[in-house]
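Okay, structure first, notes after.
The values are calculated or read from the model by the stated rules, or taken from the named source; none is laboratory data. The model shown is predicted, which means the values in this text are computed figures rather than measured ones. Cβ coordinates were reconstructed from backbone atoms using ideal geometry, including for glycine residues, and neighbour counts include every protein chain displayed.
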Amino acid sequence: MKKAVIFDMDGTLWDSVDEIVESWNKTCPEMNIRREQLIGLMGKTMDCFARELLPEYEMDQAMEIIHACERDENEYLSHVGATLYGDVRKVFERLRGMGYEIGIVSNCQAGYIEVFLEYYHLGNLVADIECYGNTQQQKDVNLKALIERNHYETYYYLGDTQGDYNACQKAGVPFLFAAYGFGTVDAQVPQVESLEQLPEVMKYL
């Protein structure tokens, strides 16, 4: 039986907010983004970023600016990385030792997950990834697509926001709450207080 733990990125595997703020403010100084402002957008799709951060622009123009920021962000992160939520490699290895494959599904831009995997040399531990930037689809659709193409029979998603929970509800995917992340969830669900706690929690699911 194939089984998997699928991860969100931001607020779940790492915190890249400070690096994104620095990168985007270099690319587009007029946005003058602050950390608190960006945290409220993390986990949302890029069209939401455009509407929130560039309301004075037509959507096409706003998205052009956002795409430029994304490209520069990927390049910047490929050199500096970000702040991991603990020993990600150890957690991935422990889960694989328990028979779980590792997946990542995020609402991020294309290339963002790849930067994370390459910078921390984690690509050999991750079976599959998907994101909004690749498909222009919402997270529930991308979750189902990843699960179906890998023929997983048992699967869980670890995320840190209400949006993650809602996507799992739509996709029929059991949700685990990363209580250490950016957001909150208005539901009674299993939760982990740190990423390192996840393998232990998985023993009881």
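Considering only segment 23-35, I want to know if a residue exists there that is under 16 Å from the mean Cα position of the chain (by Cα) and either more than 16 Å from Leu158 (Cα to Cα) or among the aromatic types (Phe, Trp, Tyr) (or both).
Looking for residues that are under 16 Å from the mean Cα position of the chain (by Cα) and either more than 16 Å from Leu158 (Cα to Cα) or among the aromatic types (Phe, Trp, Tyr) (or both), one finds none in segment 23-35, hence no.
Checked against (1) under 18 Å from the mean Cα position of the chain (by Cα); (2) at pLDDT below 95; (3) buried (at least 19 other Cβ atoms within 10 Å of the Cβ), Asp10 passes all but condition (2).
Taking Ala178 as the residue in question, decide whether it is surrounded by fewer than 22 Cβ atoms within 10 Å (Cβ to Cβ), of a type in the set (A, V, I, L, M, F, W, C) and not assigned by TED's automatic domain parsing to the domain that holds Glu36. Answer is no for this residue. Screening Lys90 with (1) closer than 15 Å to Leu13 by Cβ; (2) in contact with a strand residue (DSSP E or B) (Cβ under 7 Å, 6 or more places away or on another chain) gives one miss only, at (2). Please determine whether any residue of segment 154-169 is surrounded by fewer than 17 Cβ atoms within 10 Å (Cβ to Cβ) and part of a loop (DSSP other than H, G, I, E, B). Within segment 154-169, not a single residue is surrounded by fewer than 17 Cβ atoms within 10 Å (Cβ to Cβ) and part of a loop (DSSP other than H, G, I, E, B).
Tallying residues that are of a type in the set (A, V, I, L, M), part of a helix (DSSP H, G or I) and surrounded by 19 or more Cβ atoms within 10 Å (Cβ to Cβ) within segment 41-60 yields 3. Considering segment 22-40, the residues that are at pLDDT 95 or above and crowded, with 19+ Cβ neighbours inside 10 Å include one that is farthest from Val80 (Cα to Cα), namely Trp24.
Scanning segment 48-62 finds no residues that are within 29 Å of Glu196 (Cα to Cα) and not assigned by TED's automatic domain parsing to the domain that holds Leu95. State all residues of segment 85-116 that are surrounded by fewer than 17 Cβ atoms within 10 Å (Cβ to Cβ) and part of a helix (DSSP H, G or I); if no residue qualifies, say none. If the condition is that a residue be surrounded by fewer than 17 Cβ atoms within 10 Å (Cβ to Cβ) and part of a helix (DSSP H, G or I), then Arg89, Lys90, Glu93, Arg94, Arg96, Gly97, Glu114 are the ones that fit. Just checking, which of Lys2, Lys44 is basic (Lys, Arg) and within 15 Å of the chain's Cα centre (by Cα)? Matching residue, one of Lys2, Lys44: Lys44.
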